[in-house]
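The values are calculated or read from the model by the stated rules, or taken from the named source; none is laboratory data. The structure presented is a predicted model; accordingly, all values stated were derived computationally and were not measured. Cβ placement follows ideal geometry from the backbone for every residue including glycine, while neighbour counts extend to all protein chains displayed. For the accessible areas, the whole protein counts, side chains as well, though only heavy atoms, and no ligand, DNA or RNA atoms are used. Shrake-Rupley method; radii C 1.70, N 1.55, O 1.52, S 1.80 Å.
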Amino acid sequence: SAGEIVCWALALQRPTIATTSFGTNAAVMLHLVSEHAPAVPTVWVDTGYNLRDTYIVAQRLIDQLDLDVRVYSPTMTSERRNALMGGIPTVEDQERHTEFTRQVKLEPFGRALAELQPEVWLTGIRREETDFRQGLDVVSLDGRGIIKVAPLFHWSEDDVQDYMERYTLPTARHYFDPTKVHDGRECGLHTAA
């Protein structure tokens, strides 16, 4: 079960983090962490481009689940970046979008990794979400040498919805990741080396 996978990861007795985007249905993984690994720091890279709904649901989950959330934000505000870059670059403008992704997602996550120095990473990724994830498994080795553990890896969308309903977990119905832009794209955290 997903809970047993989390417990297995903890039994490795290595520095561990969990991650969240506080996106749609992120509450499932957060609930598992709160149930089995409440002392594990949960890293949230807040890009500064989240919608109001995301921030409200994020705070509800932090309070409800008593999570140890560590927020990492870009060094430049979204307003300043928008002024200098002309807004969020489209994915078609590959060079600018790559730099945008580095600034708002990869650099803050790099700071989290440098500070927390995890050897194990609990993540809520699922196989069916993107083509890239099809090549991963429940346990995989990240390009940075971190053991990535995905307890929900083989879950379907129906499995996720059933869990959300069973535990009456809130969801951010209005969620936008400016580094993905479209469903089925990676945000960069799982593909970066």
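Scan segment 103-120 for residues that are more than 15 Å from the chain's Cα centre (by Cα) and under 13 Å from T47 (Cα atoms) and the total you get is 1. Selection over segment 43-61 of residues that are in a loop (DSSP other than H, G, I, E, B) and either within 22 Å of G110 (Cβ to Cβ) or at pLDDT 95 or above (or both) gives a count of 5. Give just the number: which of (1) farther than 15 Å from P151 by Cα; (2) among the polar types (S, T, N, Q); (3) open to solvent by 60 Å² or more (accessible area, probe 1.4 Å) does T47 not satisfy? With respect to (1) farther than 15 Å from P151 by Cα; (2) among the polar types (S, T, N, Q); (3) open to solvent by 60 Å² or more (accessible area, probe 1.4 Å), T47 is out only on (3).
Among the residues making up segment 62-86, those that are in a helix (DSSP H, G or I), farther than 14 Å from P178 by Cα and under 20 Å from the mean Cα position of the chain (by Cα) are I62, D63, Q64, L65. Every condition in (1) modelled with pLDDT under 95; (2) part of a helix (DSSP H, G or I) holds for F22 except the one numbered (2). Considering segment 113-134, the residues that are among the hydrophobic types (A, V, I, L, M, F, W, C) and modelled with pLDDT of 85 or more include one that is surrounded by the most Cβ atoms within 10 Å (Cβ to Cβ), namely L122.
Just to be sure I understand, how many residues within segment 140-180 are over 16 Å from the mean Cα position of the chain (by Cα) and either open to solvent by less than 10 Å² (accessible area, probe 1.4 Å) or over 30 Å from T98 (Cβ atoms) (or both)? Total meeting the criteria: 15.
Could you go through segment 62-70 and let me know if any residue there is in contact with a Gly (Cβ under 8 Å, 6 or more places away or on another chain) and open to solvent by less than 50 Å² (accessible area, probe 1.4 Å). No: segment 62-70 contains no residue that is in contact with a Gly (Cβ under 8 Å, 6 or more places away or on another chain) and open to solvent by less than 50 Å² (accessible area, probe 1.4 Å).
Evaluating P89 against the criteria (1) more than 20 Å from L122 (Cβ to Cβ); (2) open to solvent by less than 20 Å² (accessible area, probe 1.4 Å); (3) assigned to a helix (DSSP H, G or I) leaves one unmet condition, (3).
Among the conditions (1) outside any loop (DSSP other than H, G, I, E, B); (2) open to solvent by 20 Å² or more (accessible area, probe 1.4 Å); (3) touching a helix residue (DSSP H, G or I) at 6+ places or on another chain (Cβ under 9 Å), H31 misses just one, which is (2).
Do the conditions hold for D137, that is, is it part of a loop (DSSP other than H, G, I, E, B), open to solvent by 70 Å² or more (accessible area, probe 1.4 Å) and either among the charged types (D, E, K, R) or at positive phi (or both)? It is true that D137 is part of a loop (DSSP other than H, G, I, E, B), open to solvent by 70 Å² or more (accessible area, probe 1.4 Å) and either among the charged types (D, E, K, R) or at positive phi (or both). Condition check for T77 on (1) at pLDDT below 95; (2) of a type outside the set (A, V, I, L, M, F, W, C); (3) closer than 18 Å to T123 by Cα: one failure, at (3).
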